[in-house]
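Written out below as structure tokens is the structure these notes cover.
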Amino acid sequence: MIEKYGTFFAGIALFVFLLIFADNFASVANLLNILKQASFLSILAIGFTFALITSELDLSFANICSLSGVIVGMMIFNGLPWPLAVVAGIGLGTLAGVLNGFLVTVLKVPSLIATLGTSSVANGLAFMLTGGVAFVGRWDPNFLFLARGKLGPVPLIVIVLVVVVGIALVFSTQTRAGVHLQATGENEEAARRAGINTRRNKVIGLALSGAAAGFTAVLLVANLSSAAPQMGGDFMLLGIAATLLGMTMFTPAKPNILGTVVGALIIVMLGNGLILLGAQYYVQDIMLGIIIIASVAVSASTLKQAAFSL
Amino acid sequence: MSSKIVMKNIFKNYGAVQALRGVSIDIKEGDVHAICGDNGAGKSTLIKILSGVETPESGELWVSNSARKFTSPTDALTSGIATIHQDLAVAPRMTIAQNIFMGAELTKKVLGVTLLDKPAMRRDALGYMSQLNKSITDMDTKVEALSGGQSQAVAICRALRWNADIVILDEPTAALGVRETEQVLELIRALKHAGKTVILISHAMKDVVAVADRVSILRRGENQIDLDAANLTADALSHYILSGDRDSRAA
């Protein structure tokens, strides 16, 4: 019980604490803002979660998100139709993920190293394409609606999150392809002998991570109506922390979709609350570091296996 | 009893090393047939050939009275031969049902979408398991929570799922304690009881004489002796293997 839901209840306790002690935390505007920020983070981290389910690390998703965002911004900035830019952004992210998969399964580069490399390449390309300055503009309201729109009182982004979570949840736990990803991560040799194409599954896991990065990039650009070469950078530690914190919930020590979403909510709520409580800007980084280390220490995790398979 | 597997004059080289030099073994249907021999006798090579991992240079392999040539492990599986290796190849943090159906999950259509049929897998897993070990009833238990002998049962259930009627067990008791070894021997008896033919590769003489119907001893890649295991003692078996004595029935 504690093992499965301890972190979840701690999150609720944190929520109640902030409701009582943090000024303005309880305002509707602030709560909606938290929900919105957590939605961006969740979608991004769900991708990382899929990579981790196959026992591969993806350290490139944040910079791939930046690069995809820059591409989306550049296309719209240059007058191309925004739906095309959306497809290109998601496509580029997916392609980068497939490239990571190729590096890991064919060239046998450990994912920790391979994605560290692609991360740096993506970062460089994002700066090259922008010249270091963001694409900004007054863009099509329909495009901006993706991230800023509301259906009634509910932000569209939250509905998008619910749909993404629903699909990811069913896919990962109720389909053959989903459990094959899991089997690949849990015991690659056993999965291979059972006739599962483990290489393909690792490529799929990393490709989903890239696809989620591309999709999040689209939403972030629509939210900010600008595309900066560093826009995804901050999300790397946040996304990893959300996923690892999620691994302390529901199916302990295993990366899981619901855990990741709750983890993202807790982390965004914590960051927001710390600021409202008057903490200095650097406190959040310290908290993130502690969360990452503590989460992995708590789970005898697949991340340990992945990191030590070097 | 009719022959289930017949190997005739099997040769296998690894470069200049002759691993098998004309081995012939006749395995009867429904028997527990042990293959013994010291290290380097050719046991592993023989199993690799039977499980489709290696192809012999020459010789004949007959399964259920038809000639076979295995070029892949899948060929062996579709001929009804399942091999359970010492490492078992289970995923400890997945459930019994998930392990048994790994790679061959059962599905059902829900609103046009193909989803896992978890109740059916639980039910069928329990069906396989009850043939081997009636004390394991919760198919949602993670394999890491099971003992070594119970994990072996999960690996064997996976073989049963393939409809294998020949089960090869490669050193199944090597890493196990006394109680767990007894559990595995029970599993072997249960397999025999279910009509399966079992090929047992083992260094543990006591285990071999406890469950085997027949024993083939290999030595330096050749048949040394075939024995009826009915009145065989562990000491006598050791003597045969060590002495290489083809004729004497000493012990």
Per-residue mean of other chain beta-carbon atoms within 10 angstrom of the beta-carbon, peptide A:181-187?
5
Using only the Cα atoms, work out Rg/Rh for the protein assembly as shown, with Rh taken as the Kirkwood radius, to two decimals.
1.10
Taking Cα atoms, how many degrees apart are the long axis of helix B:148-161 and the longest axis of chain B, rounded to 10 and kept between 0 and 90?
80 degrees
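Check each of the trypsin sites (Lys or Arg not before Pro) in region A:87-165 and keep only those in coil by DSSP with at most 14 other C-beta atoms within 10 angstrom; list them in order.
Those that pass, being in a loop and sparsely packed, are A:K108, A:R138.
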Between A:M74 and A:Y281, with labels modelled 7 Å along Cα→Cβ, what's the label distance in nm to one decimal, could you check?
2.8 nm
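How many Å² of accessible surface get buried when A and B come together, counting both sides, probe radius 1.4 Å, rounded to the nearest 100?
1700 Å²
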What's the angle, to the nearest 10 degrees (0 to 90), between helix B:118-132's Cα axis and the longest principal axis of chain B?
30 degrees
Label chain A by shape, choosing from rounded, prolate and oblate, from the square roots a ≥ b ≥ c of the eigenvalues of the Cα gyration tensor; if a/c is under 1.5 it is rounded, and otherwise prolate applies when a/b is larger than b/c, oblate when it is not.
oblate
What's the center-to-center distance, using Cα atoms, between region B:40-88 and region A:93-157 in Å?
49 Å
Once each part is reduced to its C-alpha centroid, what is the distance from region A:160-230 to region B:138-172 in angstrom?
31 Å
Strictly greater than 16 Å: what percent of every Cα pair in region A:89-180 meets that?
74 percent
With θ set to phi - 60°, apply the Karplus curve 6.51 cos²θ - 1.76 cosθ + 1.60 along region B:31-39 and write out the HN-Hα couplings as whole Hz, x wherever there is a Gly or Pro.
7, 9, 10, 8, 10, 10, x, 6, 4
5 angstrom amide H check on B:T233, placed H, neighbours 5+ away
none
Cβ-defined net charge surrounding B:S216, 10 Å radius [Lys, Arg +1; Asp, Glu -1]:
0
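Report, to the nearest whole %, how much of the accessible area of region B:3-243 belongs to carbon and sulfur atoms, 1.4 Å probe, protein only. Kindly include the intermediate steps, with their values, before the conclusion.
Values: 5220 of 10330 Å².
Here carbon and sulfur together make up 51 percent of the probe-accessible area.
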Subtract the Cα-Cα distance of B:D140 and B:H203 from 0.36 nm times their separation in residues, and report this length gain in nm to one decimal.
19.3 nm
Treat each spin label as a single point 7 Å out from the Cα along the C-beta direction, and report the B:S147 to B:V110 distance in nm.
3.7 nm
Which percent of the accessible area of region A:2-308 is formed by carbon and sulfur heavy atoms (probe 1.4 angstrom)?
71 percent
Roughly what % of DSSP beta bridges within the protein assembly as shown run antiparallel, to the nearest 5?
65 percent
For chain A, with the dipole built from +1 on Lys and Arg beta-carbon atoms and -1 on Asp and Glu ones, taken about the Cα centre, which of A:F135, A:V72, A:V179 lies farthest toward the positive end?
A:V179
For the protein assembly as shown, what is the accessible area per residue in Å² when the probe is 1.4 Å?
44 Å²
Summing Lys, Arg as +1 and Asp, Glu as -1, what charge do residues with Cβ under 14 Å from the Cβ of A:V28 carry, A:V28 excluded?
+2
Can you work out ³J(HN,Hα) from phi for every residue in region A:174-182, in order, using Karplus 6.51 cos²θ - 1.76 cosθ + 1.60 and θ = phi - 60°, giving whole Hz and x for Gly and Pro?
10, 10, 4, 4, x, 6, 5, 4, 5
Sort B:52-60, B:64-72 by the packing proxy (mean of other Cβ within 10 Å over each peptide's residues), most packed first.
B:52-60, B:64-72
So how tilted is helix B:234-243 from the main axis of chain B? Cα-based, degrees 0 to 90, rounded to 10.
50 degrees
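The values are calculated or read from the model by the stated rules, or taken from the named source; none is laboratory data. Quick caveat: nothing in here was measured; it's all calculated off a predicted structure. Glycine gets a Cβ as well: all are built from the backbone with ideal geometry, and neighbour counts include every protein chain shown. These area figures cover heavy atoms from the full protein model, side chains too; ligands, DNA and RNA do not enter into them. Shrake-Rupley method; radii C 1.70, N 1.55, O 1.52, S 1.80 Å.
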